[in-house]
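Below is one structure, written out as structure tokens; the observations come after it.
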Amino acid sequence: MVDFSTLAQKYGTPLYVYDFDAITEQFTALKEAFKARKSLVCFAVKANSNLSVLKHIAQLDAGCDCVSIGEVKRALFAGVPKYKIIFSGVGKRDDEIEEALVQDILMLNLESEEEMMRVEEIAQNLGKIARISIRVNPNIDAQTHPYISTGLHENKFGVDVDSAKRMYIHAKNSAFLEPVGIHFHIGSQITQVEPFKEAAVVLANLVRNLKALDINIKFFDIGGGVGIQYKDEVTISLYEYAQSIFASMAGLDVTLVCEPGRYLVGDCGYFLTRVLYEKHNGYKRFVIVDGAMNDLIRPSLYSAYHEIVVEKKEQLEFSVCDVVGPICESGDFFAKNIELPKLEHDDLLIIKSAGAYGFTMSSNYNTRARVAEIALIKGQDKLIRKRETFEDIIDLEKEYL
Ligand code: LLP
């Protein structure tokens, strides 16, 4: 068991802690489920982009799914081979496309005809052939939070099957485009196999149609989206997930690509925060902590549940409370109406399942310094990002005063 008190004492709070061995376990379980086919796991960098996390992922033999040139550069910097990097995203700037082509990454994942035209022109100007994949929106309801559901036509992502087909034909006939992949990503925190299965069937049929047109897709990318247990969700069986995808791919000679973010790192991360004080407004009990929504925004943004564990020997006088941060917004909370024991100044709270979309969504709101990040590697702790200082925060502004 991780000794959170010692870590909090050594590095201060608030603090992110990531268990790298647990990341390895998650990765190994996924590869095991996929072992019947060629597969490439490309970690969705947006979930946790710390360089040491990416280096660890690279050492496991995984690639990266990136959604900005910044993420592509991070992955390259951390040692991820260029031939395992995918660049996705609904809007890419010209300079981002250019850089991705110059870096010669595995493929650019396109989300519109307009984007394809830009990529073609830029590739032509550079005298290069752009390897592309097309994100197909299969119009499937992933049955998750509306903000993180992406597979319906009402969402901004991808193109419908007919448009995709037109795009593939155009790409095949272009001297500057090489269609190599097909992609779907229908949403995040999905807890049922069915939506994945339906999407895979739609795309596999398209791959077969394309084959008849002599367009040979090599990478069958099923996106990310596998959910984790934050509270009482029943998560999907990886075996069933893999088998249902394989069933749809029958007879196709393609490499399976998968882009997990949350599944790989979510449960491996903890957010540590200390109690500043308790406060009672009439009947309402608030536990005010030193972490805030700028550090971990998921509860505020999605009403997401994160389990909170109290690190304290004697736990007495339990009562209902809200756990809130010091930011000047009522939305600044980590939990509402949960039962916690009586707490005192400096008591330590551990917020669980914080490894994905925690630090990466943090900000300097209220001029709060972003927190430090720690890795646990075979039981040893290691600083992987130092705590920001006030100087860091004002660094890009101060010369203009
Ligand atoms: N691939 C693509 C194209 C994506 O857009 C995403 C996530 C992933 C892979 C990874 O999805 P995952 O395996 O982590 O579910 N901030 C939200 C989640 C946003 C997800 C955006 N796309 C949250 O905190 O729940």
Checked segment 271-288 for anything open to solvent by 30 Å² or more (accessible area, probe 1.4 Å) and either within 16 Å of the ligand (Cβ to nearest atom) or under 28 Å from the mean Cα position of the chain (by Cα) (or both); matches are ARG274
Say we look at segment 329-388 and pick out the residues that are free of Cβ contacts under 8 Å to residues at least 60 places away in the same chain and among the charged types (D, E, K, R); which of these is nearest to ILE297 (Cα to Cα)?
ASP332
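Based on what the data block shows, is LEU296 modelled with pLDDT of 95 or more and open to solvent by 20 Å² or more (accessible area, probe 1.4 Å)? Full working, then the answer.
Working: modelled with pLDDT of 95 or more: yes; open to solvent by 20 Å² or more (accessible area, probe 1.4 Å): no.
No: the conditions fail for LEU296.
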Somewhere in segment 357-373, is a residue in contact with a strand residue (DSSP E or B) (Cβ under 7 Å, 6 or more places away or on another chain) and basic (Lys, Arg)?
no
Does at least one position in segment 208-222 carry a residue that is in contact (Cβ under 8 Å) with a residue 12 or more places away in the chain, in contact with a Cys (Cβ under 8 Å, 6 or more places away or on another chain) and part of a loop (DSSP other than H, G, I, E, B)?
yes
Breaking point among (1) closer than 30 Å to SER163 by Cβ; (2) surrounded by fewer than 18 Cβ atoms within 10 Å (Cβ to Cβ); (3) of a type in the set (Phe, Trp, Tyr), for TYR241:
(2)
Quick one: how many residues across segment 31-43 are of a type outside the set (Gly, Ala, Ser) and part of a helix (DSSP H, G or I)?
2
Answer residue from segment 329-343, given it is under 26 Å from the mean Cα position of the chain (by Cα) and assigned to a strand (DSSP E or B) and is surrounded by the fewest Cβ atoms within 10 Å (Cβ to Cβ) among those
LYS336
May I ask you to list the residues in segment 356-384 that are within 16 Å of the ligand (Cβ to nearest atom) and either closer than 18 Å to LYS10 by Cβ or open to solvent by 30 Å² or more (accessible area, probe 1.4 Å) (or both)?
TYR357, THR360, MET361, SER363
Where residues in segment 110-132 are out of contact with any Leu (no Cβ under 7 Å at 6 or more places or on another chain) and of a type in the set (Gly, Ala, Ser), which of them is surrounded by the fewest Cβ atoms within 10 Å (Cβ to Cβ)?
GLY127
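Working only within segment 53-109, note down all residues that are hydroxyl-bearing (Ser, Thr, Tyr) and either at positive phi or open to solvent by 30 Å² or more (accessible area, probe 1.4 Å) (or both).
From segment 53-109, those hydroxyl-bearing (Ser, Thr, Tyr) are 68, 83, 88; that's our starting set.
Listed by number, the residues that qualify are SER68, TYR83.
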Going by the structure shown, is CYS268 open to solvent by less than 10 Å² (accessible area, probe 1.4 Å), touching a helix residue (DSSP H, G or I) at 6+ places or on another chain (Cβ under 6 Å) and under 29 Å from GLU373 (Cβ atoms)?
yes
All positions within segment 299-314 that are modelled with pLDDT of 95 or more and assigned to a loop (DSSP other than H, G, I, E, B):
SER303, ALA304, TYR305, HIS306, GLU307
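Kindly provide the set of residues from segment 181-192 that are buried (at least 19 other Cβ atoms within 10 Å of the Cβ) and not aromatic (Phe, Trp, Tyr), ordered by number.
Passing the criteria: GLY181, ILE182, HIS183, HIS185, ILE186, GLY187, SER188, GLN189, ILE190.
Among the residues of segment 248-265 satisfying the criterion of being away from the ligand (no atom under 12 Å from the Cβ) and part of a strand (DSSP E or B), which is least open to solvent (accessible area, probe 1.4 Å)?
Start the filter on segment 248-265 by keeping residues that are away from the ligand (no atom under 12 Å from the Cβ), which leaves 248-256.
Remaining after also requiring part of a strand (DSSP E or B): 255-256.
On the way: THR255: 25, LEU256: 1 Å².
The selected residue is LEU256.
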Would you please list the contacts, defined by Cβ atoms under 7 Å and residues six or more apart or on different chains, that run from a residue in segment 283-303 that is farther than 13 Å from GLY325 by Cβ to a residue that is at pLDDT below 95?
TYR302/HIS145; TYR302/TYR147
Since THR28 meets every condition but one in (1) part of a helix (DSSP H, G or I); (2) in contact with a strand residue (DSSP E or B) (Cβ under 8 Å, 6 or more places away or on another chain), which condition does it not meet?
(2)
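Which residue, of ILE105, ILE140, is in a loop (DSSP other than H, G, I, E, B), modelled with pLDDT of 95 or more and either of a type in the set (A, V, I, L, M) or not assigned by TED's automatic domain parsing to the domain that holds LEU301 (or both)?
On the way: ILE140 fails: modelled with pLDDT of 95 or more.
Only one candidate passes the filter, namely ILE105.
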Can you tell me which residue is farthest from GLY266 (Cα to Cα) among those in segment 344-373 that are aliphatic (A, V, I, L, M) and not in a strand (DSSP E or B)?
ALA369
Is it fair to say LYS46 is open to solvent by 30 Å² or more (accessible area, probe 1.4 Å), within 28 Å of LYS218 (Cα to Cα) and within 15 Å of the ligand (Cβ to nearest atom)?
yes
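The values are calculated or read from the model by the stated rules, or taken from the named source; none is laboratory data. None of the values given here were measured: they were computed from a predicted structure. Reconstructed Cβ throughout: ideal geometry from the backbone, glycine too, with neighbour counts over all protein chains shown. For accessibility, only protein heavy atoms count, side chains too; no ligands or nucleic acids. Shrake-Rupley method; radii C 1.70, N 1.55, O 1.52, S 1.80 Å.
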